[in-house]
Structure formats: C-alpha cells, structure tokens
Amino acid sequence: MLVSAAVERTLFKDKNGGATHYTIIKHRFLSFLIWQSLQSTLLLLLSKILFLSPFTQTPFVPTFLSLISFFSFHFSLLLFSVSLFFLSSPSPFPSASPVDLLIGLARLLFISKGSAEPELRRKIRVSLSFVLFVSLCAVAGAVSVVCMCWACDIYHVESRSRRYSVYGKLGFRGFVLGLIYGFHYVYKQRWLLRFPIIQRPPFFSFKIGLPLAVGQALKFSAAGYLLSGVLAFFLLNGYTSQDTMGKFISEQIIFYIGSFVVIVSWELSHHLHQVLQTKRFIFAPPKGSAAAETNPSEPLLDALEESTPKSLLQYLAYLDLCMVCESNVDTWRRAAFFEETGETYKRVIAVCLRPLEQLTLKLNESLDSSSIENSFQLSSQLRTPAVGPEYSKLCESFYNTQLCAWCARIVASLTARSHKEDRFGIAQLSGSNAAVISTLLSCLLAVETLMGKKTNLQSPNHLMGPAGIRWATISTERRDSTVGATGKRRDSPFYAKAYAIADVLRTSIYCIVSAFHDEMLNNSKAGHLEKDWIISGKPLYGTRELLLEKLRLFLDYQA
C-alpha cells in the first residue's frame, strides 16, 4: 500500500543524487492521497447505487451534474486529507488557552510585534491551526453532504428558490456535522500519530481498523443527525406544511445515509493515514551494495542527528533503530554498530540517551521549582485535576513518552547484546555502559519521586545492601486519602504515562542486569560495582550512592 521497498531504497543516494529525507514524507503523503481517493470513489459509487438508488425514480446514470457532484465530493475529501496531514504529529504540542490568545493579540496590537514570547507565539500558532482544521472540516462536511444527496429525486423541486432552500438546509446540516467531527477530533487528540506495538503489513493493519471506523461513523452520523436536525428546525424553519410525512421521512433517511457515508470516508482516511505514516521505514542501503559494505549506519545516524526534533522523520528513525536492536532480522546492521573504532556505537548511544536526559532534567526542574513541599503533595497533584504553570510543565514533560520508551529499549538492548556481540569491547571501554545504567536509574528515580515514591538513604553503614534505601511510608490519614483517591489518580492526565515510562525503564534495566548479572555480582563483592556501572560525575538526578543502591536492588530482583 505504500511506496514499494525498491522505491524506498532508491531514496538513499549520494548527495549528488539529490535524494533527501523530505522525499520519504512526500512519497507517503502521495500514497495516502492515491489510496484515499480510490477507497472514497468505491464507497461513493456503492452508496449511490445500493443505498440511495431506492429514493430515485431512475437508475444511477452518469450525467454532467453527477460528474460535478463527484469531483466536488473528492475536492472536499482532498481538503480534509490535506488539513489532516499538516495537523498530524507524532508528538503532542501545547496550545494556547482563550485567555492566552487574548493576551497575545493585545500584545501584538498595542505593544509591539516582537514583544510576545516565542513560547506564547508558538502556542497561539498551534491553537490557530486547530481552529483552521475545525473550520475546514465544517466546510468539507457541507460540500460532501450536498454532493451525496445531489442525485436524489426527492430533493428535485420545480421552484428554484425552494430548491436553493433545500440545498441550503442540507449544507447547513453538513456544516454542523463537520463542526462536531472537527471539535471531537481536536479535543480527543486524534491527530496524534500512534505507532502500533506490532508492525504488520499495511493491508492487515488497515483491515483491523475497519470495524472501529464503521462504529465511529455510526456514532458521529447519529449525533450529527440529531443536533443538525434540531438546529435546522429552529434556525432555518426547515420543515414546512408543504412537506408530506413520506417526503419528510425520506429526507431524513437520505441525510442520515449521506452523513454516514461522509463520516465513514473521513474515518477511513484517518485510519489509512495512521497506517501509512506509522509504517516502519528502513534507513539503510540495500544489502550487498557498496554503501552497505562501507558504512551502512550513516543514513540512520543522519536521520537521527539532523532531522527536526519531534518530527515524523525522527520518530521513524528511532523506530527503525529500535527494531534493529531488539530483533534478529537485520543482524548485519546491528553488527555494524560494534565496528572497531567505536565511533558509531558512541553516536548511537549518545543520540538515544539525549531524550532520556531531557526528560530527567525536566522532571528535576519541576520537582525543584515546585511550591509543593514533598512528594506526597506531588502525588496528590497527580490524582486531582489542576491548572497552573507547574502543572503544565509536568504535562509537557511526558509529551515524548513514546520516544523515551524507544530510547530506553534501544540502549538496553544494545548494552545487553554487547555482552556477546561486542568483539572489541567498545561498550565497556568507552564508558557507554556506565552512562546507560546511570541515565536509566536517574530517570527512573525522578519518575518514581513524581509518582510519590520517596527515596532516602539511611546511613553510610547501611550502604552494602538493599536495605540502604528507605522508602517513605504513608501515615494512616494519608493512606486513607490515597485509597479514596485511587480512581482519580488513575484518571489523571499524565499518571498513566508516568507509570508506563517507569515500567519501561525497569524492564530495560532488568534486561541489562540479566545479561551482566554474574559480572555485576562479582564487581559488587569486590567493592567496585560503581566503578564499572556508575558514572564518576554527578548524576542527572539523585546521588551516586543512591544510584548504586538502586542498582543493587535490581541485582537482587527487588526493584
């Protein structure tokens, strides 16, 4: 369903070939438009012939007006698809509230053009893009509904003014339908590109989402039918005494079928866009080529290091790297990471530790700058909805959880596989093992502190065992309040993300510990565990002693 593998492979040429990473996204977008137009054409013809033909006195025959209706319908779908493509993103981004919009507009008009903060201007730009998307959905809904009901004889009246009134009513109801869909699409953040856990062929991924798309279309068409009908009755005086009961019922059936077909087309376009854009792309030259023999990792590293942060291209690069490190399909690509100089391995580890370090630093800043005194109050903030700059910063810290999860799995898999596949000892000699373990432990401690799990060291005399870490206990009053707020805690905006990333971090650390368990135990008995597995400088969060004791808990499988 996408560009063929041969075409994708040709994208990796030398600089004189003119192939750029932008070509990947362009090819996927063109593939999306082609398949979207084909499925929409099939759906339109089936609905006209099978569902709407009983309401016409003549069989469906192509005419000049039907061609205009056909191209107008596809134009509205093109409008929706293009707006969907430009709005979609693999990473959430904060938007401005109505108050922020008014403040930004006031600064723009009365102070100066450059006085607005860059962050505020970016949020305003995001909010305006949401407004534009909802408006385009409303316009596309009006055009699509009118085109769907164009050929039905029941709407063909002799009076021209009456005909315009009928089509105006249809357009208004379609406008309301598109408005509802656009608001729901933005509110539920359906524009986010969600990567599947299992990468299937596009055909099977698309087939799996068909029942969900039909179910969503039934819900939206029913809600749009009721709300638009009520608004049309009170605002447009749509139902007059000239309409018979049979004609009234036929009009409602036709509109419901037309709105259902429109929403199904949009839902299928949304699902198709998700499938095509989240499909794995292989950032490597063809196996056996000259580039594969000399430097097969360069295209992947270029995409990781030079692509725009949080862009779709960067996410695709991290996804490809994660699958290379965890699976045994492209072992020749993973073997290229452990080349003799060690530069490739260090670049891969550095580019994967960066998102985890950024997450740890953001959480550290939020914990330090927060006015909340202890972690229990932070945990209560997780359980109840809140507003304010501190709460917004905490929410934004978990915007890239998918990227952080991939990075944790990548560094853990590479470190664990280096135990058998690193012939030159690059991982150990370069200090990458200590950097990986320290970063994972620091990030885990920061997330656990945010979730209310406070960590304290008792005394230097108790540093030789897992009991060296004392987990803060909750008093009776706090325990009762915690039990009562369990439901709210699980429904908090970012508690689920914090819990998920903590689980990924623990699993990643256990993956490394399982591979090097005997070596770590021997180092622990010899008293130099921190020398090989903890960085010598100050960690991003916590202390070296705290990280060491946390690592001992993992060695005893008590973390």
Q: Quickly run through segment 143-167 and pick out the residues that are at pLDDT below 80 and assigned to a helix (DSSP H, G or I).
A: D153, I154, Y155, R160, S161, R162, R163, Y164, S165, V166, Y167
Q. Is there a residue being within 21 Å of L553 (Cβ to Cβ), modelled with pLDDT of 80 or more and open to solvent by less than 10 Å² (accessible area, probe 1.4 Å) anywhere in segment 357-367?
A. yes
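Residues in segment 34-45: is at least one at pLDDT below 55 and out of contact with any Cys (no Cβ under 9 Å at 6 or more places or on another chain)? Before you say what the answer is, go through the steps one by one.
Step one: list which residues in segment 34-45 are at pLDDT below 55, which gives none.
No, because not a single residue in segment 34-45 is at pLDDT below 55 and out of contact with any Cys (no Cβ under 9 Å at 6 or more places or on another chain).
Hey, can you tell me all the residues within segment 418-448 that are within 29 Å of the chain's Cα centre (by Cα) and not β-branched (V, I, T)? It would help to see each step written out before you state the result.
So the first thing to find is which residues in segment 418-448 are within 29 Å of the chain's Cα centre (by Cα), and the list is 435-448.
Scanning segment 418-448 gives A435, S438, L440, L441, S442, C443, L444, L445, A446, E448.
Looking at I180, I249, I253, I263, which is the one that is surrounded by 13 or more Cβ atoms within 10 Å (Cβ to Cβ), assigned to a helix (DSSP H, G or I), among the β-branched types (V, I, T) and at pLDDT below 90?
On the way: I180 fails: at pLDDT below 90; I249 fails: surrounded by 13 or more Cβ atoms within 10 Å (Cβ to Cβ); I263 fails: at pLDDT below 90.
So the residue among I180, I249, I253, I263 that is surrounded by 13 or more Cβ atoms within 10 Å (Cβ to Cβ), assigned to a helix (DSSP H, G or I), among the β-branched types (V, I, T) and at pLDDT below 90 is I253.
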Q: Please name all residue pairs, on different chains or six or more residues apart, with Cβ atoms under 6 Å, provided the first residue is in segment 289-307 and is open to solvent by less than 10 Å² (accessible area, probe 1.4 Å) and the second residue is part of a helix (DSSP H, G or I) and of a type in the set (V, I, T).
A: S297/T344; L304/V351
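Filter segment 494-535 down to the residues that are of a type in the set (D, E) and more than 30 Å from P92 (Cβ to Cβ) and list them by number. Quick ask: steps written out before the conclusion?
Here is the first cut: in segment 494-535, the ones of a type in the set (D, E) are 503, 518-519, 530, 532.
D518, E519, E530, D532, listed by residue number.
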Q: Six or more apart or on different chains, Cβ under 8 Å: which pairs go from a residue in segment 516-527 that's closer than 21 Å to D422 by Cα to one that's loosely packed, with under 14 Cβ neighbours inside 10 Å? Could you list them?
A: N523/K531
Q | Odd one out for M323, checked against (1) in contact with a helix residue (DSSP H, G or I) (Cβ under 9 Å, 6 or more places away or on another chain); (2) assigned to a helix (DSSP H, G or I); (3) within 22 Å of I426 (Cβ to Cβ); (4) open to solvent by less than 70 Å² (accessible area, probe 1.4 Å) | A | (1)
Q: Mind checking which helices (runs of 4 or more DSSP H) fall wholly inside segment 457-544 and carry at least 1 residues that are at pLDDT 50 or above and out of contact with any Cys (no Cβ under 8 Å at 6 or more places or on another chain)?
A: 486-490, 495-515, 517-526, 529-533
Q: Residue by residue through segment 185-209, note down the ones that are assigned to a helix (DSSP H, G or I) and farther than 30 Å from S127 by Cβ.
A: P202, F203, F204, S205, F206, K207, I208
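Can you say whether F175 is within 26 Å of L50 (Cα to Cα), at pLDDT 90 or above and open to solvent by 50 Å² or more (accessible area, probe 1.4 Å), as far as the supplied structure shows? Give the derivation first.
Details: within 26 Å of L50 (Cα to Cα): yes; at pLDDT 90 or above: yes; open to solvent by 50 Å² or more (accessible area, probe 1.4 Å): yes.
Criteria met by F175.
The values are calculated or read from the model by the stated rules, or taken from the named source; none is laboratory data. Please read all numbers here as calculations on a predicted model, not as lab measurements. All Cβ positions, glycine included, derive from the backbone under ideal geometry; neighbour counts span all protein chains shown. Ligands, DNA and RNA are stripped out before the accessible areas are found, and what is left, the full protein with its side chains, is counted by its heavy atoms. Shrake-Rupley method; radii C 1.70, N 1.55, O 1.52, S 1.80 Å.
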